[in-house]
Amino acid sequence: MSSAPPRLILTRPDDWHLHLRDGDALAYTVGWSAAQFARAIVMPNLKPPVVDTALALAYRQRVLAARPAGSDFQPLMTLYLTDRTAPQEIARAKASGAVFGVKLYPAGATTHSDSGVTELRHVHGVLDAMQREGMPLLVHGEVTDPEVDVFDREAVFIERHLVALRRDFPALKIVLEHITTSHAVDFVLSQTARDSRGAPLLGATITPQHLLHDRNALFRGGLRPHYYCLPVLKRESHRRRVLEAACSGDPRFFLGTDSAPHARAAKEADCGCAGCFNAAHALELYAQAFEQAGCLHRLEGFASHHGADFYGLPRNRDRIELRRQQWTVPQRLDYVDDGIVPLDAGRRLDWRAVAGAAPQQPA
Ligand code: DOR
Ligand code: ZN
């Protein structure tokens with residue numbers, strides 16, 4: 001048992017990578033995230049995908065309408081980059097004030113990525129416009145080449161694509177999303193350029209599952225679909241390196257849950273969907289990982305400061321309380337269809353976020 005304090009008061013965190021889904025799911029997902037986070041970067045991989053500003057604004061309204069009474073949760077919208085995205089769309093997105101990034105899914109890389117980019121050269125005009133407008137590119141950094149081993153796809157993406165992307169668009173803000181390997185950590189650390197505000201030009205989000213688990217979690221006592229996400233969990237040495245990066249205090253690393261809800265039957269299936277659902281207890285999971293690593297004092301920077309600074313947004317003014325209190329993650333939560341199994345269902349955690357303890361942000 002460490003000598004950690006009985007409670008932690010943190011600046012309210014933001015989630016810089018989140019899947020809220022749409023329709024009936026919003027009644028659940030928005031409430032879970034709004035209970036912990038002030039803002040979230042909302043992923044655009046709906047069916048059909050959010051490919052332009054008009055669709056993003058309409059989706060934003062549906063998210064806002066699903067907020068619990070009194071919540072000031074702010075969805076920060078993104079566009080889904082396709083081979084056909086028009087460069088002019090970027091100025092429209094920027095001018096809307098509601099779009100904060102454009103997501104690159106290599107076609108076929110993950111859930112609902114079939115409309116993604118087939119060749120980066122097809123989107124060079126759009127990337128040019130993004131660089132000019134200061135619109136961040138959010139990257140799912142995995143190659144889709146079936147010849148490449150699924151555990152190597154992040155490292156190969158960096159070698160084959162990210163190095164060139166960085167060279168060809170030196171002023172483009174880039175977030176390498178949900179990093180999982182020492183290769184990604186090394187790449188981020190090699191990038192020292194800053195934007196005109198002094199913020200890093202390249203950053204990375206890190207999920208709780210990639211901090212807490214290595215790939216053995218997928219096979220512990222049998223096949224464990226609720227630990228299957230993309231990029232897939234990696235070997236222990238990579239987990240340690242990613243954890244070290246999260247705990248380093250380096251502003252290039254920040255919180256992004258990649259909470260990706262799929263109803264239970266869609267996970268526990270012959271061909272189960274990729275995605276870990278962690279939004280209902282994300283902060284508790286991060287606190288667990290940081291405490292295990294002996295760096296709880298670094299949680300606030302990672303969860304509440306670095307992402308806002310990267311995006312050039314004000315840090316939140318209100319706070320959230322975490323109490324040292326043991327509790328067990330439920331086996332199932334109500335969700336559309338047959339409910340959802342949260343990440344680490346059945347696990348005992350040592351921290352609990354106190355609901356409603358922090359004052360609302362001023363409007
Ligand atoms: O595991 C994942 N699930 N990875 C992604 O990139 C997408 C996500 C989803 O939308 O379910
Ligand atoms: Zn994601």
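Figures for the structure shown
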item	result
GluC sites (Glu not before Pro) restricted to the range 123-228 and DSSP loop, no more than 10 other C-beta within 10 Å	Glu147
Euclidean distance between Cα centres, the range 127-180 to the range 182-202, Å	13 Å
Under 5 Å, built H, 5+ apart or other chain: amide partners of His17	Ile41, Thr257, Asp258
Size of charge dipole - the range 7-55 - debye, nearest 20, with Cβ of Lys, Arg +1 and Asp, Glu -1, no other charges	220 debye
Rounded to the nearest 10 Å², the accessible area of Trp351 at probe 1.4 Å	0 Å²
Farthest toward positive dipole pole in the chain [+1 Lys/Arg, -1 Asp/Glu at C-beta], among Ser71, Ala27, Tyr335	Ser71
Of His178, Gly312, His17, farthest towards positive along the dipole that unit charges on Lys, Arg, Asp, Glu beta carbons give the chain	Gly312
Residues with amide H under 5 Å from that of Trp351, placed H, sequence gap 5 or more	Gln325
Listed residues Lys94, Lys47 arranged by accessible area, highest first, probe 1.4 Å	Lys47, Lys94
³J(HN,Hα) computed for each position of the range 129-134 - Karplus, 6.51 cos²θ - 1.76 cosθ + 1.60, integer Hz, glycine/proline x	5, 5, 4, 5, 7, x
Dipole magnitude (debye, nearest 20) for the range 195-302, charges at Cβ of Lys, Arg, Asp, Glu	280 debye
Virtual spin-label span in nm between Gln325 and Gln61, 7 Å along Cα→Cβ	3.9 nm
Positive minus negative residues near Phe100 (Lys, Arg vs Asp, Glu; Cβ under 13 Å)	+2
Residue of Asp344, Asp152, Asp14 that the Gaussian network model of the chain assigns the largest fluctuation, springs spanning Cα pairs under 10 Å	Asp152
Unit charges at the beta carbon, dipole of the range 13-315: most positive-side option, Val51, Gly116, Ile41	Ile41
Residues Arg317 and Val148, FRET efficiency given R0 of 45 Å [Cβ-Cβ distance, rounded to 0.05]	0.50
Among beta bridges that DSSP assigns inside the chain, antiparallel share in %, nearest 5	35 percent
Stretchable slack from Ala171 to Ala293, in nm (0.36 nm times residue separation minus alpha-carbon distance)	40.5 nm
Label-point separation, Ser71 to Ala164 (7 Å along Cα→Cβ), nm	4.2 nm
Coil-residue trypsin sites (Lys or Arg not before Pro) of the range 206-259, DSSP, other Cβ within 10 Å capped at 14	Arg220, Arg235
Neighbourhood net charge (15 Å Cβ-Cβ; Lys/Arg +1, Asp/Glu -1) for Ala25	+1
For the range 106-117, 3J(HN,Hα) per residue [Karplus equation, 6.51 cos²θ - 1.76 cosθ + 1.60, θ = phi - 60°, Hz, x = Gly/Pro]	x, 3, x, 6, 7, 3, 6, 10, 5, 8, x, 7
Estimated FRET transfer efficiency when R0 is 35 angstrom, pair His124-Cys271 (beta carbons, to 0.05)	0.50
For the chain: relative contact order, % (alpha-carbon pairs under 8 angstrom, 6 or more apart)	18 percent
For Phe37, distant residues with modelled amide H under 5 Å away	none
Summed side-chain charge close to Ala279 - residues other than Ala279 whose Cβ falls under 12 Å, Lys, Arg +1, Asp, Glu -1	-2
Cα-centre dipole for the chain with unit charges at Cβ (Lys and Arg positive, Asp and Glu negative), debye to 20	880 debye
Theoretical ellipticity at 222 nm over the chain - DSSP helices of four or more residues, -39500 (n - 2.57) apiece, nearest 500	-7500 deg cm²/dmol
Integer Hz, Karplus 6.51/-1.76/1.60 couplings in order for the range 203-213, x for Gly and Pro	x, 8, 9, 9, 8, x, 5, 7, 7, 9, 10
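The values are calculated or read from the model by the stated rules, or taken from the named source; none is laboratory data. This structure is a prediction, so every number in the text was calculated from the model and none was measured. Neighbour counts run over all protein chains shown; Cβ positions are idealised from the backbone, glycine included. Each accessible area value is taken on the protein alone, full model and side chains, heavy atoms only, with ligands, DNA and RNA left out. Shrake-Rupley method; radii C 1.70, N 1.55, O 1.52, S 1.80 Å.
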